[in-house]
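Each reported figure results from applying straightforward, stated rules to the coordinates on display, with no laboratory input. Just so we're clear, the structure is a prediction, and the values are computed from it rather than from any experiment. Glycine gets a Cβ as well: all are built from the backbone with ideal geometry, and neighbour counts include every protein chain shown.
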């Protein structure tokens with residue numbers, strides 16, 4: 001009897017120890033991951049000498065000069081706010097168009113049988129593995145010839161999303177659609193809905209969680225997109241925030257880091273807010289894309 | 001005896017995961033109407049550029065001067081130009097350091113988070129934030145500040161009494177710093193691993209504990225085989241992504257110092273967009289594409305040996 005409790009106690013202690021080790025690892029690694037971001041936030045409130053004078057986050061002599069300077073233009077037709085407005089002129093239509101075109105495509109593949117479907121689906125899947133890097137230069141040539149480069153409507157960046165060119169999202173929606181039972185489609189059909197009405201009234205509401213994920217990921221990725229604007233926008237007044245941040249870094253490196261970091265931080269605040277409001281959808285979306293495949 | 005047991009448990013898991021049968025799909029051409037936008041997009045924005053770049057790769061296509069000759073000269077150039085060859089090597093080094101470290105970090109943290117951890121959501125968020133922001137230019141700017149001579153990292157080292165190198169201007173370190181930026185973003189791979197780990201039936205662990213299996217044995221004999229499809233998925237997607245890395249070196253180091261971070265995407269950009277040499281840059285892109293395809297095919301071929309699928313229908317197809 002006494003022996004038994006001793007064993008039990010030993011097991012209990014061992015579990016406590018390994019649980020402690022787990023928390024220690026999680027906290028230390030997490031701290032290392034997050035510290036640079038906190039340091040960045042703190043640094044925007046420091047003066048330029050203080051930023052590189054130690055590891056501390058909280059500024060000793062807090063100042064808003066970084067932010068004040070961030071509001072100023074570097075000269076020319078662009079400033080931080082204009083560039084952020086430009087970003088959303090690109091991001092919002094991209095998100096809407098992607099949702100629209102990816103839903104149609106996923107519906108077509110997920111709910112209908114037609115000649116050549118197997119082949120077309122194989123084509124769709126293979127474009128998942130088609131790296132953008134092969135397409136960049138010929139697309140650049142094509143858009144140059146079409147006169148789309150530097151278009152005030154950002155045609156090369158936006159228009160393509162009307163055509164479900166981002167296969168990953170189509171794939172994610174198809175996967176999700178497959179898990180929705182078909183009984184409701186059939187009920188809608190019996191009630192006299194045509195296929196488009198079924199899509200709007202039955203499928204879209206059921207797809208909603210997946211659509212939210214698609215919208216959120218497209219929002220983040222388009223926000224962060226640097227290569228696209230780099231290739232297709234030449235007029236400074238049309239630059240989005242990513243290009244503006246890059247330019248401000250090139251202009252200021254070495255002397256005005258609080259300004260550069262403030263500009264950078266402001267440019268990612270919308271993404272941060274959206275992420276914290278919709279964390280769960282991000283996690284669900286990213287898991288859905290991989291696991292059901 | 002032990003392995004037998006696991007095999008039967010795996011079959012059990014297989015039955016648990018298997019999906020119910022499907023009812024038949026609606027037929028008719030209407031489906032084609034719905035996918036029409038995608039077909040158009042595929043033909044114009046994917047297939048045409050893809051095919052034309054193959055053609056251009058055998059020409060001296062120039063953005064303004066057009067084509068004056070055709071032949072294999074671009075490909076000869078790719079393999080004889082020292083800058084390009086070196087850049088291919090750099091790209092390989094970059095991929096080989098970034099992908100495994102990122103996946104190991106992701107799996108390790110996911111494994112720990114999969115224990116009954118209090119505040120699992122808080123930790124998951126903390127680990128995931130870098131992945132969400134990491135692609136932004138803002139974070140590349142931050143990286144430059146962190147790894148400056150007098151940046152945060154060297155401040156840390158000097159409090160430990162170590163004189164840190166000048167990370168970004170030393171050809172021995174610059175590439176590692178670029179890799180670190182992506183390794184730091186292991187969160188998205190981690191979230192995927194975590195979801196997969198949660199899908200491993202608890203009974204399997206319980207049964208094997210009764211059989212006397214330790215944690216490590218459980219990990220290698222139960223966990224790894226059952227999540228192998230997800231390991232495979234992460235491996236392929238992360239490798240494809242890593243080969244296409246551009247923003248990091250372009251923004252942080254501009255390819256330097258001494259071209260030590262000039263990845264192949266930067267050469268493609270320089271030749272094609274800045275020097276207008278569409279033909280040459282197409283050839284470089286195609287060499288890279290073929291390498292990536294071969295690696296992907298190799299991965300798909302090798303999955304027979306190590307990837308365990310619980311259900312035939314999960315391999316794709318409709």
Sorted peptide list for A:238-244, B:64-70, A:173-179, criterion being average Cβ within 10 angstrom, highest first: A:238-244, A:173-179, B:64-70
- prompt: Using Cα pairs under 8 angstrom and six or more residues apart, how large is the relative contact order of the range A:121-278, in percent?
  reply: 23
message: How tilted is helix B:137-146 with respect to the longest principal axis of chain B? Cα atoms for both, answer in degrees (0 to 90, nearest 10).
response: 90
- request: Taking 7 Å along the Cα-to-C-beta vector as the label spot, tell me the residue B:216-residue B:162 distance in nanometres, rounded to one decimal.
  value: 2.7
message: What does the C-alpha gyration tensor say about the overall shape of the range A:156-202? Classify as rounded when a/c is under 1.5, otherwise prolate if a/b is larger than b/c, or oblate.
response: oblate
field: Taking N as its residue count, the alpha carbon Rg of the range A:178-229 over 2.2 N^0.38 Å
entry: 1.61
message: Please list, by residue number, everything in the range B:34-73 whose backbone N is under 17 Å from a paramagnetic label point 7 Å out along Cα→Cβ of residue A:155.
response: B:41, B:44-46, B:49
- prompt: What's the Cα-based Rg to Rh of the range B:100-243, Rh via Kirkwood?
  reply: 1.07
- request: Evaluate the Debye formula for chain A with equal point scatterers sitting on the alpha carbons, no solvent, and hand back log10 of I(q)/I(0) at q = 0.10, 0.16 Å⁻¹, in q order, two decimals.
  value: -0.76, -1.27
statement: Percent relative contact order for the range B:52-312, counting Cα pairs under 8 Å at least six residues apart, stands at 32
message: So the label point goes 7 Å from the Cα of residue B:69 along Cα→C-beta, right? Which residues of the range B:272-294 then have their backbone N under 14 Å from it?
response: B:280
field: Computed [θ] at 222 nm, helices only, for chain A once each DSSP H run of length n ≥ 4 contributes -39500 (n - 2.57)
entry: -23500 deg cm²/dmol
- prompt: Between residue B:93 and residue B:258, what is the FRET efficiency for a Förster distance of 25 Å, r being their Cβ-Cβ separation, to the nearest 0.05?
  reply: 0.95
- prompt: Could you give the angle, 0 to 90 degrees to the nearest 10, between helix B:224-243's Cα long axis and the longest principal axis of the Cα atoms of chain B?
  reply: 10
- line: Relative contact order in percent for chain A (Cα pairs under 8 Å, 6+ apart) equals 29
query: Taking only Cα atoms, what is the 0 to 90° angle, nearest 10, from helix B:278-306's long axis to the longest principal axis of chain B?
result: 20
task: Starting from the Cα of residue B:101, step 7 Å toward the Cβ, then list every residue of the range B:182-207 with an amide N under 15 Å from that point.
output: B:182-187
task: Grab the Cα-Cα distance for residue A:132 and residue A:27, subtract it from 0.36 nm times how many residues apart they are, and report the gain in nm with one decimal.
output: 34.1 nm
message: Once the convex hull of the alpha carbons of the protein assembly as shown is built, what does its volume come to per residue, in cubic angstrom?
response: 188
task: Could you rank the peptides B:252-264, B:116-128 by their average count of other C-beta atoms within 10 Å per residue, with the highest value first?
output: B:252-264, B:116-128
query: Taking the Cβ-Cβ separation of residue A:85 and residue B:36 as r and a Förster radius of 30 Å, what is the calculated FRET efficiency to the nearest 0.05?
result: 0.35
field: Stokes-Einstein diffusion coefficient of the range B:181-282, Kirkwood radius over Cα pairs, 4 °C, 1.567 mPa s, in µm²/s
entry: 76
query: Which value in nm describes the separation of the simple spin-label points at residue A:277 and residue A:200, placed 7 Å from the Cα toward the beta carbon?
result: 2.6
task: Give, to the nearest whole percent, the P(r) tail of chain B beyond 33 angstrom, counting all Cα pairs.
output: 44
- line: Scaled by the rule-of-thumb 2.2 N^0.38 Å, the alpha carbon Rg for the range A:2-69 gives a ratio of 2.02
field: At R0 = 45 Å, FRET efficiency that the Cβ-Cβ distance of residue A:16 and residue B:304 yields, to 0.05
entry: 0.55
task: Report the label-to-label distance for residue B:79 and residue A:6 in nanometres (one decimal), using points 7 Å from each Cα along the Cα→Cβ vector.
output: 7.3
